[in-house]
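Asks: Quick one: the structure is below, questions incoming.
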Amino acid sequence: MIERQHFRNILERFDRGKVIILLGPRQVGKTTLIRQLTNMSDKKCLWLNGDEPDVRQLLSMATSTRLGAIIGNNLLVVIDEAQRIENIGITLKLMVDSFPGIQIVVTGSSALELADEIKEPLTGRKYEYFLFPLSFEELVNHTSFLEERRMLDHRLIFGYYPEVVTHAGEKLEILKLLSNSYLYKDILAYNQVKSPLVLEKLLQALALQVGNEVVYSELAQLTGSNIVTIERYIDLLEKAFVVFRLPSLARNVRNEIKKGKKIYFYDNGVRNAIINNFNPVSLRNDIGALWENYCVSERVKWTHYHGSWCNRFFWRTQAQQEVDYIEEREGKLFAFEFKWNASKKARFPLTFSNAYPETSTLVVTPDNY
């Protein structure tokens with residue numbers, strides 16, 4: 001069993017009188033992680049699955065009396081796939097307020113409804129965690145640093161979804177199933193998606209533009225849609241944990257791009273499945289984009305798992321000077337350039353260095369990542 005970084009983080013928060021919420025894409029191991037955690041507890045556990053119609057009916061409009069009957073003498077309650085349950089935030093608030101001695105754990109594969117429904121009713125009553133596909137660090141801890149470094153080329157192409165890692169012989173079938181079905185299930189069930197074909201074209205366009213600034217008007221033209229639809233679909237893809245946005249840093253230089261965005265995928269394997277390209281690293285003409293997506297997504301995992309709160313940016317001027325990735329932590333800037341070819345010298349633009357002179361800089365290559 002590969003131990004997840006959040007295993008210890010969540011275990012430490014048990015029995016503090018708050019709901020534990022675990023969000024993340026489908027198939028990243030949320031249910032497996034929660035089963036590990038509940039197995040560590042000696043409390044009697046009630047497991048409720050939001051995919052089951054009778055569970056949804058019981059919990060969607062529950063009173064405290066009904067909840068008491070459902071919970072019985074259980075002291076640990078798990079609600080899996082909670083995004084399927086209507087008014088789940090109000091139900092959880094009622095549980096917390098009415099049964100203070102019970103530990104409630106909730107998982108959700110989509111933030112489309114769950115995050116919005118929960119945030120207001122559970123203000124001050126929850127711990128929220130995000131589970132990603134497996135990380136470099138988790139697999140180093142599971143095998144060794146040397147072993148995981150040897151797997152770098154493989155990870156760049158096939159990514160870190162748990163089933164892909166643990167069933168290497170079936171990786172292509174698993175990734176195709178993921179990219180064609182599981183990842184979009186929550187989005188397509190959402191009534192604002194009226195054109196699955198536009199969504200598919202948009203994902204392909206985003207996959208081909210990883211590492212580049214995204215222009216919504218160009219995406220609208222490529223997909224035969226309009227800017228309003230593109231903005232809404234990208235927002236849905238982000239809430240369903242398929243992609244994430246990186247805004248531009250613009251503070252000191254007149255010709256800095258102020259409203260630019262880059263869009264990355266949480267997993268390289270899913271990105272490659274969307275464009276159906278699993279060619280080895282030696283045959284890729286997009287290796288720079290793959291390396292950048294890998295490094296940024298791994299950095300997002302690391303900062304989240306270690307509680308390093310930061311703002312993230314890229315930087316570019318209208319003259320095409322660029323810095324790949326920037327973190328702002330405790331008022332300080334940390335800038336990164338991602339270079340697959342370590343022999344090519346990389347320099348940070350003088351315009352950037354002059355505008356942000358206190359910034360720490362680092363060029364990240366396969367030799368030092």
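Asks: Among the residues of the range 245-257, what is the count of those that are assigned to a loop (DSSP other than H, G, I, E, B) and open to solvent by less than 40 Å² (accessible area, probe 1.4 Å)?
Replies: 4
Asks: Among the residues of the range 341-348, is any on the phi < 0 side of the Ramachandran plot, out of contact with any His (no Cβ under 8 Å at 6 or more places or on another chain), hydrophobic (A, V, I, L, M, F, W, C) and buried (at least 18 other Cβ atoms within 10 Å of the Cβ)?
Replies: If we filter the range 341-348 for residues that are on the phi < 0 side of the Ramachandran plot, which is where we start, we get 341-348.
Filter once more, keeping what is out of contact with any His (no Cβ under 8 Å at 6 or more places or on another chain): 341-348.
Imposing the further condition that a residue be hydrophobic (A, V, I, L, M, F, W, C) reduces the set to 342, 346, 348.
So of that shortlist, the ones also buried (at least 18 other Cβ atoms within 10 Å of the Cβ) come out as 348.
Checked against the condition, which is being on the phi < 0 side of the Ramachandran plot, out of contact with any His (no Cβ under 8 Å at 6 or more places or on another chain), hydrophobic (A, V, I, L, M, F, W, C) and buried (at least 18 other Cβ atoms within 10 Å of the Cβ), the range 341-348 yields at least one hit.
So that you can scan it fast, the table gives a plain yes or no per residue for (1) more than 20 Å from residue 10 (Cα to Cα); (2) of a type outside the set (S, T, N, Q):
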site: 66; (1), (2): yes, yes
site: 69; (1), (2): yes, yes
site: 76; (1), (2): no, yes
site: 88; (1), (2): yes, yes
site: 91; (1), (2): yes, no
site: 94; (1), (2): yes, yes
site: 97; (1), (2): yes, yes
site: 102; (1), (2): no, yes
site: 108; (1), (2): no, yes
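Asks: Taking the stated definitions as given, is residue 312 in contact with a Leu (Cβ under 7 Å, 6 or more places away or on another chain) and among the basic types (Lys, Arg)?
Replies: Answer is yes for this residue.
Asks: Here's another thing I want to ask about it. Looking only at the range 241-255, filter to residues that are within 14 Å of residue 214 (Cβ to Cβ) and of a type outside the set (Gly, Ala, Ser); which one of those is farthest from the chain's Cα centre (by Cα)?
Replies: 247
Asks: Among residues belonging to the range 286-309 that are hydrophobic (A, V, I, L, M, F, W, C) and touching a Ser or Thr at 6+ places or on another chain (Cβ under 8 Å), point out the one that is farthest from residue 270 (Cα to Cα).
Replies: 309
Asks: In the range 124-175, which helices (runs of 4 or more DSSP H) lie fully inside it and hold 2 or more residues that are open to solvent by less than 50 Å² (accessible area, probe 1.4 Å)?
Replies: Result: 136-142, 152-158, 162-166.
Asks: Could you please find all residues in the range 21-53 being under 26 Å from residue 244 (Cα atoms), open to solvent by 40 Å² or more (accessible area, probe 1.4 Å) and touching a strand residue (DSSP E or B) at 6+ places or on another chain (Cβ under 7 Å)?
Replies: 31, the sole residue that qualifies.
Asks: Does any residue of the range 273-289 turn out to be at pLDDT 95 or above, within 27 Å of residue 130 (Cβ to Cβ), in contact with a Pro (Cβ under 9 Å, 6 or more places away or on another chain) and not basic (Lys, Arg)?
Replies: No, the conditions are met nowhere in the range 273-289.
Asks: Could you tell me which residue of the range 258-270 is surrounded by the fewest Cβ atoms within 10 Å (Cβ to Cβ), considering only residues that are of a type in the set (D, E, K, R) and modelled with pLDDT under 95?
Replies: First, the residues of the range 258-270 that are of a type in the set (D, E, K, R): 258-259, 261-262, 267.
From what's left, modelled with pLDDT under 95: 258-259, 261.
Details: 258: 10, 259: 7, 261: 15.
Step by step, filter the range 258-270, then rank; the result is 259.
Asks: Among the residues of the range 60-81, how many are at pLDDT 90 or above, open to solvent by less than 50 Å² (accessible area, probe 1.4 Å) and in contact with a strand residue (DSSP E or B) (Cβ under 8 Å, 6 or more places away or on another chain)?
Replies: Final tally of qualifying residues: 8.
Asks: Among the residues that make up the range 333-340, is at least one of them touching a Gly at 6+ places or on another chain (Cβ under 7 Å), touching a residue at least 12 places away in the same chain (Cβ under 8 Å), crowded, with 20+ Cβ neighbours inside 10 Å and under 30 Å from residue 199 (Cβ atoms)? Lay out the reasoning, then the answer.
Replies: The initial filter retains those residues of the range 333-340 that are touching a Gly at 6+ places or on another chain (Cβ under 7 Å), namely 340.
Narrowing further to those that are touching a residue at least 12 places away in the same chain (Cβ under 8 Å): 340.
Right, trim to crowded, with 20+ Cβ neighbours inside 10 Å and you get none.
Within the range 333-340, none of the residues are touching a Gly at 6+ places or on another chain (Cβ under 7 Å), touching a residue at least 12 places away in the same chain (Cβ under 8 Å), crowded, with 20+ Cβ neighbours inside 10 Å and under 30 Å from residue 199 (Cβ atoms).
Asks: Another question, if that's okay. When the range 339-358 is examined, which residues are found to be in a loop (DSSP other than H, G, I, E, B) and of a type outside the set (Ser, Thr, Tyr)?
Replies: Across the range 339-358, the qualifying residues are 339, 340, 341, 342, 344, 345, 346, 347, 348, 349, 357, 358.
Asks: Does the range 309-325 contain at least one residue that is modelled with pLDDT under 95 and small (Gly, Ala, Ser)?
Replies: yes
Asks: Quick check on the range 177-207: of everything there that is modelled with pLDDT of 90 or more and within 19 Å of the chain's Cα centre (by Cα), which residue is most open to solvent (accessible area, probe 1.4 Å)?
Replies: Checking each candidate, the answer is 204.
Asks: Go through the range 258-279 and count every residue that is part of a loop (DSSP other than H, G, I, E, B) and in contact with an Asp or Glu (Cβ under 7 Å, 6 or more places away or on another chain). Steps first, answer last, please.
Replies: Here is the first cut: in the range 258-279, the residues part of a loop (DSSP other than H, G, I, E, B) are 258-260, 266-267, 275-279.
Imposing the further condition that a residue be in contact with an Asp or Glu (Cβ under 7 Å, 6 or more places away or on another chain) reduces the set to 260.
Residues that pass the stated criteria total 1.
Asks: Something else now. So in the range 294-324, with the set limited to residues that are open to solvent by less than 10 Å² (accessible area, probe 1.4 Å) and more than 17 Å from the chain's Cα centre (by Cα), which one is nearest to residue 261 (Cα to Cα)?
Replies: Top of the filtered list is 314.
Asks: Let me spell it out: the conditions are (1) surrounded by 19 or more Cβ atoms within 10 Å (Cβ to Cβ); (2) in a helix (DSSP H, G or I), and residue 288 meets all of them except one. Which number is the exception?
Replies: Against the list (1) surrounded by 19 or more Cβ atoms within 10 Å (Cβ to Cβ); (2) in a helix (DSSP H, G or I), residue 288 comes up short only on (1).
Asks: Please give the helices (runs of 4 or more DSSP H) falling wholly within the range 191-242 in which 1 or more residues are touching a residue at least 40 places away in the same chain (Cβ under 8 Å).
Replies: 196-208, 227-239
Asks: Restricting to the range 218-235, count the residues that are open to solvent by 10 Å² or more (accessible area, probe 1.4 Å) and within 23 Å of residue 130 (Cα to Cα).
Replies: Selection size over the range 218-235: 2.
The values are calculated or read from the model by the stated rules, or taken from the named source; none is laboratory data. Since the model is a prediction, treat every value here as computed from it, not as a measurement. Cβ: placed from backbone, ideal geometry, glycine included. Neighbour counts: every protein chain shown. What goes into the accessible areas is simple: the full protein's heavy atoms, side chains included, and nothing from ligands, DNA or RNA. Shrake-Rupley method; radii C 1.70, N 1.55, O 1.52, S 1.80 Å.
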